[in-house]
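Worksheet: the structure to be examined is printed underneath.
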């Protein structure tokens, strides 16, 4: 596994980069969605492709090979811009943003459009697994105060989850020594909705993460 | 759940649409990847965003709301262009393409780049779950000869899966009545690699799918 990398950036510099590339990502997310839905004809598609290639060439002029990684600065901040679920520069990531309750429950509400489809009109079962895995990992890490990795994950599919507004929540059910059990659900975001998928997972605090030189703010290694 | 929809298209017409929009999707996939990796400055990002918006407006001129759905024609062909894992018009989908062995084992080799990252340099654990869920569903459906839905899915994470070339395989382990058990693995695509994630899942043939009016070629409802 690649290591975490220290970056000598102020929090203001991190935020400026997030604003710049986050805006770009929003535009790409819209293109990704439209590419699934459009009925544009060959001439229009040809023009769109020429524009996309010109944009790609601009971005490619200085784009080192390799993934984004996870970075941290000297001010307690860490960022994982490429992450599939929460990455601010990943146009597939909805992105998920977490809210924490005082009791340790993590919640997120998100809108899932055409890019997340499995059965017709429904969220792909594997997308529910992807989102829950991430939410549960963050929950196990207790809001990034300890490093965890996924041991096992079990999902029970109770009913279809329609595309659109969904909400999910996760909480630690049990913990002992380096093992943390987390339970979670995802469902439609409307009053009275029953869980579409119920999950439980076993998360582990790796031995190396108990060393004092572990960088701060890393959290879940999903 | 939305229903499947019949389309009065010849196979040639389906293939022409796949060539047209599949090419567009390839360009979007490249932009998505570069958006994660680029170090372009504010001026270059601004120019790229203007181009992306112009492309989006072209595609948006005729883009009905709602997901792509699953369609079939009168010639035994079905397509799910928006699907998160295999959709030909979904720029997040790697896309996965399956190969079937005579013994019913389904295999797929795929390259996972920066958009699939979780831990630094590694595939997101939830992405492994997403890909395996889909592969296992297709396996349960016996190459689209019966309709299945996911009941439960259990994943055991054995070791990190580096980004890059990976391969996965799935096979039916047991079946009785309407219940099908599938086992699957994903690992690095190199000789001697051990599984990074091992999965088993229970898939169900829904009662409605045993009716004679079920459209052909639907397969897994992942």
Task: All positions within the range B:120-132 that are part of a loop (DSSP other than H, G, I, E, B) and more than 17 Å from residue A:129 (Cα to Cα) - done: B:120, B:121
Open item on the list: Given (1) in contact with a helix residue (DSSP H, G or I) (Cβ under 8 Å, 6 or more places away or on another chain); (2) crowded, with 19+ Cβ neighbours inside 10 Å, identify the lone condition not met by residue A:178.
Closed with: (2)
Task: Single residue of B:220, B:128, B:122 found to be modelled with pLDDT of 95 or more, within 12 Å of another protein chain (Cβ to nearest Cβ) and under 20 Å from residue A:157 (Cβ atoms) - done: B:128
- [ ] Could you please give the count of residues in the range B:119-154 that are without any contact (Cβ under 8 Å) to a residue 24 or more places away in the chain and within 21 Å of residue A:123 (Cα to Cα)?
- [x] 3
TODO: Check the range B:5-18 and report whether any residue there is touching a strand residue (DSSP E or B) at 6+ places or on another chain (Cβ under 6 Å), in contact (Cβ under 8 Å) with a residue 12 or more places away in the chain and within 9 Å of chain A (Cβ to nearest Cβ).
DONE: yes
TODO: Examine the range B:104-112 for a residue that is in a helix (DSSP H, G or I), assigned by TED's automatic domain parsing to the domain that holds residue B:152, closer than 21 Å to residue A:68 by Cβ and touching a strand residue (DSSP E or B) at 6+ places or on another chain (Cβ under 7 Å), and state whether such a residue exists.
DONE: no
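A quick yes/no check of all residues on (1) at pLDDT 95 or above; (2) under 30 Å from residue B:18 (Cβ atoms); (3) more than 9 Å from chain B (Cβ to nearest Cβ):
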residue: A:45; (1), (2), (3): yes, yes, no
residue: A:49; (1), (2), (3): yes, yes, no
residue: A:54; (1), (2), (3): yes, yes, no
residue: A:100; (1), (2), (3): no, no, yes
residue: A:111; (1), (2), (3): yes, yes, yes
Task: Search result, residues across the range B:69-79 that are touching a helix residue (DSSP H, G or I) at 6+ places or on another chain (Cβ under 9 Å) and within 7 Å of another protein chain (Cβ to nearest Cβ) - done: none
Open item on the list: Looking at the range B:133-163 only, could you name the residues that are assigned to a strand (DSSP E or B) and either closer than 12 Å to residue B:185 by Cα or more than 10 Å from chain A (Cβ to nearest Cβ) (or both)?
Closed with: B:148, B:154, B:155, B:156, B:157
Task: Residue tally, condition loosely packed, with under 15 Cβ neighbours inside 10 Å and either assigned to a loop (DSSP other than H, G, I, E, B) or within 7 Å of another protein chain (Cβ to nearest Cβ) (or both), over the range A:31-43 - done: 3
Task: Residue among A:66, A:82, A:23 that is modelled with pLDDT of 95 or more, facing chain B (nearest Cβ under 10 Å) and in a loop (DSSP other than H, G, I, E, B) - done: A:82
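The values are calculated or read from the model by the stated rules, or taken from the named source; none is laboratory data. Note that the structure is a prediction, hence the values are computed from the model and not measured. Positions of Cβ are backbone-derived with ideal geometry, glycine not excepted, and every protein chain shown enters the neighbour counts.
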